[in-house]
1. Looking at (1) more than 24 Å from residue 146 (Cα to Cα); (2) within 16 Å of ligand 2 (Cβ to nearest atom); (3) under 16 Å from the mean Cα position of the chain (by Cα), which is the only condition residue 200 fails?
2. For residue 174, indicate whether it is surrounded by 24 or more Cβ atoms within 10 Å (Cβ to Cβ) and under 11 Å from residue 220 (Cβ atoms).
3. Quickly run through segment 112-137 and pick out the residues that are within 16 Å of ligand 2 (Cβ to nearest atom) and touching a helix residue (DSSP H, G or I) at 6+ places or on another chain (Cβ under 7 Å).
4. For residue 260, are the conditions met, namely being in contact with a helix residue (DSSP H, G or I) (Cβ under 9 Å, 6 or more places away or on another chain) and buried (at least 17 other Cβ atoms within 10 Å of the Cβ)?
5. Among the numbered criteria (1) crowded, with 22+ Cβ neighbours inside 10 Å; (2) not in a strand (DSSP E or B), which single criterion is violated by residue 139?
6. Looking only at residues that are in contact (Cβ under 8 Å) with a residue 60 or more places away in the chain and surrounded by fewer than 20 Cβ atoms within 10 Å (Cβ to Cβ) in segment 46-81, which one is farthest from residue 25 (Cα to Cα)?
7. Hey, residue 185 hits all of (1) part of a loop (DSSP other than H, G, I, E, B); (2) within 21 Å of residue 27 (Cβ to Cβ) but one; which does it fall short on?
8. Report the residue count in segment 100-113 for those that are within 15 Å of ligand 1 (Cβ to nearest atom) and assigned to a helix (DSSP H, G or I).
Ligand SMILES: Nc1nc2c(ncn2[C@@H]2O[C@H](COP(=O)(O)OP(=O)(O)O)[C@@H](O)[C@H]2O)c(=O)[nH]1
Ligand SMILES: [Mg+2]
């Protein structure tokens, strides 16, 4: 998708003034059938952080009415933004649309976060604090030779850990949790990356963004988080997403060797 703007049904062009010089953060939450989680999550975030932090939900026409729930919260709270897309267009394009929105709206820091409480709202604060000396901060399940994952089946844990080792060995990128989806970009990283050329959808979307940032010399930091498997709703990740990541790391390496990244 070349231009996500056509989905911006609710453009928020007025930037909310926080009254100081501190950075403004946008937390992007892509959703597909997260009606059971989204309200609780938004309230948990808004109650913990002040108006320097806003939330953007990107919903792909979830049949369970996720967008309608966000709509009603949004009516009473200008810190909540909603981007409705016409159908399930994938996690990668959802984030890319969110990044374009964030850059157009002048946010300094852009976070990615899942809707299913796998990412603890409490951990937003340490992620933001780590941004003081980094351009990209990744909430990592695998730093310091530990595995901070709760309630995942062993098969899924082995897959994720193997994917992170595979990625590190092939790309040489010194990141221990390259597929992690709880992270924060400085706006300058997203401006430096040609978003129209990012094509991954699933786990490899995270790998691709990290790799492009790393190759441009940006400082990446990992800080430990605890990842807890969702208790309500279903995972949307597929076998196709896994296969995509398998070949994508080779593709990225090739692009980098040919200086086409
Ligand atoms: N907008 C949008 N969100 C998606 C799509 N696929 C997954 N998500 C959301 O992305 C987040 C991560 O997906 P999830 O199914 O929890 O993946 P898992 O944690 O790897 O099993 C959740 O908030 C999902 O609702 C999609 O195609 N479009
Ligand atoms: Mg999940």
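1. If we test residue 200 against (1) more than 24 Å from residue 146 (Cα to Cα); (2) within 16 Å of ligand 2 (Cβ to nearest atom); (3) under 16 Å from the mean Cα position of the chain (by Cα), just (2) comes out false.
2. no
3. 112, 115, 117, 121
4. Values: in contact with a helix residue (DSSP H, G or I) (Cβ under 9 Å, 6 or more places away or on another chain): yes; buried (at least 17 other Cβ atoms within 10 Å of the Cβ): no.
Answer is no for this residue.
5. So residue 139 meets the others, but not (2).
6. This residue is 74.
7. Tallying (1) part of a loop (DSSP other than H, G, I, E, B); (2) within 21 Å of residue 27 (Cβ to Cβ), residue 185 fails exactly one: (1).
8. Residues that pass the stated criteria total 2.
The values are calculated or read from the model by the stated rules, or taken from the named source; none is laboratory data. Quick caveat: nothing in here was measured; it's all calculated off a predicted structure. Positions of Cβ are generated from backbone atoms using ideal geometry, with glycine treated the same way; all protein chains shown enter the neighbour counts.
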